[in-house]
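Encoded as structure tokens, the structure appears first; notes follow it.
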Amino acid sequence: MAPKKRISAITIGRYNFSDGSYYCGQWDEQRLAQGFGCWTGLEMKGKFEGYYKDGLEITGAYTWPSGEIYSGQWLYGQRHGSGIQKYKTSIYAGCWNQGKRDYLGAIWNRCGSIYFGTWQDGEKTGYGTEAYLDGKMDRLK
């Protein structure tokens with residue numbers, strides 16, 4: 001007969017960190033966030049609400065003190081996968097790779113321009129289309 005696998009106990013509540021930040025949600029015996037939770041930084045300097053696995057963000061929304069918000073997938077504490085970032089003057093929706101815009105995405109600027117195309121290391125690679133409020137369109141590369 002195979003030995004029984006031990007299931008970790010999950011605690012639900014609030015955990016205060018020594019730096020003044022705190023976490024409300026689920027954590028395991030090693031005090032690693034598991035499941036749904038909310039982390040709030042010292043003096044409200046950032047907030048993450050979403051799902052955790054082994055203490056790391058998996059999917060959810062992070063709000064910076066500036067009001068900028070990212071909602072999407074995470075890997076090892078970085079934006080990674082698909083997500084939407086709302087900046088002060090623009091919104092980006094698309095793919096992320098290790099915290100940078102990458103692969104395919106679109107950005108809408110407050111001035112009215114829209115770019116849809118490819119990205120690499122956070123920068124437009126030029127394979128795409130840019131459209132403007134005056135109706136002008138640029139097909140890039």
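Just so you know, all these numbers are worked out from the coordinates, no wet-lab data involved. Remember, it's a predicted structure, so these values are computed and weren't measured experimentally. Note that we place each Cβ from the backbone using ideal geometry, even for glycine, and neighbour counts take in every protein chain shown.
Quick notes on this structure:
- Residue match in segment 118-128 (condition: among the aromatic types (Phe, Trp, Tyr), within 30 Å of Ala9 (Cα to Cα) and without any contact (Cβ under 8 Å) to a residue 40 or more places away in the chain): no
- Residues that are basic (Lys, Arg) and outside any strand (DSSP E or B), drawn from segment 128-141: Lys136, Lys141
- Residue selected from segment 101-141 under the condition among the acidic types (Asp, Glu) and surrounded by 15 or more Cβ atoms within 10 Å (Cβ to Cβ), by the criterion nearest to Tyr70 (Cα to Cα): Asp102
- Residue ID - surrounded by the most Cβ atoms within 10 Å (Cβ to Cβ), chosen from residues in segment 21-74 that are among the aliphatic types (A, V, I, L, M) and more than 16 Å from the chain's Cα centre (by Cα): Ala33
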